[in-house]
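First comes the structure, then the notes that go with it.
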Amino acid sequence: MKKLSIALIFIILISSLSYGENELSLFYNNKMIDLNDSTLIYEDKVLFPAKEFSELIGAQYLWDDLNEILIIYRDNTFMKFTLDSSVVYINGKSFIMDTPIFRNDSILYIPIDCITKFFDINVEYDSLNETIRLTNNKYTVYTTYKSYYYKTIEIPKFNINLDIPYYWDLLDEENLVYGKKSSYEDVTLNVKVIKNSDDLSIDEYINTLHDYTEYVHDEGEIELTEEKIFTTSGFSGKLILYTYEQIEGQPIYAYYITKVDDLLYILNFTFTNGDFPQLLSIIENIINSFEIKSLAVNQSDEHYIEYPKFYNLETSLKYELFSNIQAYNSFDFVGTINPLIENIRVSVEKNNESINFNIPVTGGTFDEKIHLPFGLGKHNISVFIDSESDMIINHELVDFEIQSNLLMKFSVINISDDFIRYSLPDINILPNHQHILSMAYLITRDSLSDYARTYDVYKYILENIQFNNKTTSQNSYDVYLTNEGNNAAITNYYVSLLRGLEIPSRVFKGSNLYDSHYWAEVHFNNNWFIVDPTFGLLTKDHTDNKNYFIVNKEDYYSNYDIIEEVTK
């Protein structure tokens with residue numbers, strides 16, 4: 001077998017394929033594949049039917065007929081093609097192809113050299129037997145778990161892959177049973193996916209499984225000995241183990257169950273080896289490697305995805321965003337969307353920290369900065385619309401995951417470590433709202449220092465806002481509109497006005513057995529100070545208006561058993 005470049009393969013195969021006669025044999029991961037639709041030649045390039053090939057390699061496939069855009073996604077690689085365009089976007093970044101995607105008799109075709117390159121699929125040509133062998137390079141590399149070697153197996157039938165010990169065999173291809181049977185080790189794994197027509201929860205299915213297990217294995221008393229929760233492909237699942245109490249030599253049964261949409265994924269392990277801790281470790285390694293390929297987004301790796309609602313809502317971006325793009329504290333998020341949308345919600349995450357804020361949409365346009373508040377390094381951005389907008393969504397398009405209100409995800413590398421995190425919008429704190437921003441500047445128009453601005457805003461709250469006990473809203477803009485609010489809303493309004501002036505501030509909550517209360521902490525003169533506009537309002541602060549402006553922190557904190565920062 002001689003390994004050739006894909007370009008050379010195309011030249012060799014032109015004569016046999018240009019007339020629609022598919023004399024080429026195709027193998028994928030050593031299995032022969034019969035494509036229903038013929039391979040085409042276009043400008044001396046071989047093109048495969050896009051949907052069939054996507055299904056073959058376990059990729060998510062989406063065709064936006066209105067905009068003639070094709071999406072193929074797998075293993076954190078997001079590819080976007082436009083019909084008859086030579087530009088392809090890989091994780092949001094544009095590249096030029098030699099050949100555009102092609103439509104013939106309503107079937108979309110894609111140049112094989114492009115998709116194999118970016119999905120890391122090795123191509124080999126056997127000139128003697130006229131075959132192309134495609135091998136996903138991921139499945140030719142051993143993975144190490146605690147000094148043990150594992151190999152990745154792919155199950156296209158269920159669109160999943162997982163790692164198993166390198167010495168395990170495929171014992172039953174029809175029923176997908178893997179394992180090792182010998183005098184010193186007897187362990188099997190049976191992979192199943194069942195249609196969950198009754199929409200059973202994982203716990204409901206486990207209860208049914210428990211009844212079945214007790215009924216079938218009546219030779220001795222069987223006992224549920226362990227339950228453990230795992231998260232794989234972003235979905236929570238549960239591992240349960242059954243053992244016999246009295247009969248030695250009986251097998252141990254372990255089940256891992258996870259639920260995605262209307263499917264239950266089940267890994268059924270059976271073993272008799274006495275080295276229980278080692279086998280349990282193997283089982284947990286297999287579970288942790290379990291991946292539903294077209295749904296997996298590894299947050300630690302680079303990622304960029306435009307979800308179906310991005311296209312359903314006719315979203316467009318003015319500036320190109322791509323995975324791991326670099327920015328200095330913030331970047332422009334500008335574009336258009338369906339004019340029925342009034343609000344876009346953004347989540348920014350880094351490690352275990354996150355902030356959420358809203359971007360207003362006016363007449364179908366949005367123009368805001370997304371800030372990166374957590375210092376140097378990678379920030380993961382998720383963009384949502386409110387769920388109420390479902391009424392205008394075309395549900396015929398396949399979604400990539402359960403969270404159907406997602407517009408897009410991407411990652412940004414912050415190259416600045418400036419102190420900005422306490423000057424940013426939050427879900428209930430809206431310093432960038434034009435009305436709140438204008439009010440902040442109006443209140444402090446004669447102030448010359450951050451101390452003076454902080455006090456002027458405090459005094460404005462005391463003189464113009466009324467307190468109420470309503471629990472309906474904590475949104476700072478509602479206080480601006482009505483001149484009244486509850487404890488949380490008034491504190492959020494105060495912090496919004498200060499952040500609009502670029503004065504770092506945050507909201508804290510104290511709780512004890514009898515009560516809870518919100519207050520603000522403001523940063524100026526290189527220190528954090530407590531300011532409590534609500535207590536100032538409730539106690540009708542003295543004429544100097546400073547009883548609750550800059551409060552002793554130790555005295556304040558001593559009133560509460562639990563102190564928590566509400567805004568990050």
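The values are calculated or read from the model by the stated rules, or taken from the named source; none is laboratory data. Please read all numbers here as calculations on a predicted model, not as lab measurements. Neighbour counts are summed over all protein chains in view; Cβ atoms, including those assigned to glycine, are modelled from backbone coordinates with ideal geometry.
Summary table
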{"quantity": "Single residue of 218, 203, 198 found to be among the charged types (D, E, K, R), outside the structural domain of residue 30 (by TED's automatic domain parsing), part of a loop (DSSP other than H, G, I, E, B) and at pLDDT 80 or above", "calculated": "198"}
{"quantity": "Residue match in segment 41-58 (condition: touching a strand residue (DSSP E or B) at 6+ places or on another chain (Cβ under 8 Å) and loosely packed, with under 15 Cβ neighbours inside 10 Å)", "calculated": "no"}
{"quantity": "Complete set of residues in segment 415-431 that are surrounded by 18 or more Cβ atoms within 10 Å (Cβ to Cβ) and within 13 Å of residue 492 (Cα to Cα)", "calculated": "422, 423, 424, 425, 426, 428, 429, 430, 431"}
{"quantity": "Among the residues listed as 77, 99, the single one being more than 27 Å from residue 30 (Cβ to Cβ) and among the hydroxyl-bearing types (Ser, Thr, Tyr)", "calculated": "99"}
{"quantity": "Criterion (of a type in the set (Asp, Glu) and crowded, with 17+ Cβ neighbours inside 10 Å) met by exactly one of 349, 353, 314, 320", "calculated": "349"}
{"quantity": "Unique match (being among the acidic types (Asp, Glu), farther than 22 Å from residue 431 by Cβ and either surrounded by fewer than 18 Cβ atoms within 10 Å (Cβ to Cβ) or at pLDDT 85 or above (or both)) among 544, 532", "calculated": "544"}
{"quantity": "Test for residue 563: is it in contact with a Lys or Arg (Cβ under 8 Å, 6 or more places away or on another chain) and either surrounded by 18 or more Cβ atoms within 10 Å (Cβ to Cβ) or part of a strand (DSSP E or B) (or both)", "calculated": "yes"}
{"quantity": "Of residues in segment 366-384 being assigned to a strand (DSSP E or B) and more than 15 Å from the chain's Cα centre (by Cα), the one modelled with the lowest pLDDT", "calculated": "377"}
{"quantity": "Lone unmet requirement of (1) surrounded by 21 or more Cβ atoms within 10 Å (Cβ to Cβ); (2) out of contact with any helix residue (DSSP H, G or I) (no Cβ under 9 Å at 6 or more places or on another chain) for residue 515", "calculated": "(1)"}
{"quantity": "Some residue of segment 314-326 being of a type in the set (Lys, Arg), over 21 Å from residue 161 (Cα atoms) and modelled with pLDDT of 90 or more", "calculated": "yes"}
{"quantity": "Every residue from segment 245-296 that is buried (at least 18 other Cβ atoms within 10 Å of the Cβ) and at pLDDT below 70", "calculated": "293, 294, 295, 296"}
{"quantity": "Single condition residue 30 does not satisfy, out of (1) over 30 Å from residue 320 (Cβ atoms); (2) modelled with pLDDT of 90 or more", "calculated": "(2)"}
{"quantity": "Number of positions in segment 51-75 that are touching a residue at least 24 places away in the same chain (Cβ under 8 Å) and among the small types (Gly, Ala, Ser)", "calculated": "2"}
{"quantity": "Some residue of segment 100-116 being of a type in the set (A, V, I, L, M, F, W, C), over 22 Å from the mean Cα position of the chain (by Cα), surrounded by 19 or more Cβ atoms within 10 Å (Cβ to Cβ) and farther than 26 Å from residue 33 by Cα", "calculated": "no"}
{"quantity": "Identity of the residue in segment 474-504, assigned to a loop (DSSP other than H, G, I, E, B) and without any contact (Cβ under 8 Å) to a residue 40 or more places away in the chain, that ends up farthest from residue 532 (Cα to Cα)", "calculated": "483"}
{"quantity": "Selected residue (criterion: surrounded by the fewest Cβ atoms within 10 Å (Cβ to Cβ)) from residues of segment 144-155 that are over 22 Å from residue 190 (Cβ atoms) and modelled with pLDDT of 65 or more", "calculated": "144"}
{"quantity": "Flag if residue 475 is surrounded by fewer than 19 Cβ atoms within 10 Å (Cβ to Cβ), at pLDDT below 90 and within 15 Å of residue 358 (Cβ to Cβ)", "calculated": "no"}
{"quantity": "Residues that are assigned to a helix (DSSP H, G or I) and farther than 12 Å from residue 476 by Cβ, drawn from segment 422-438", "calculated": "422, 423, 434, 438"}
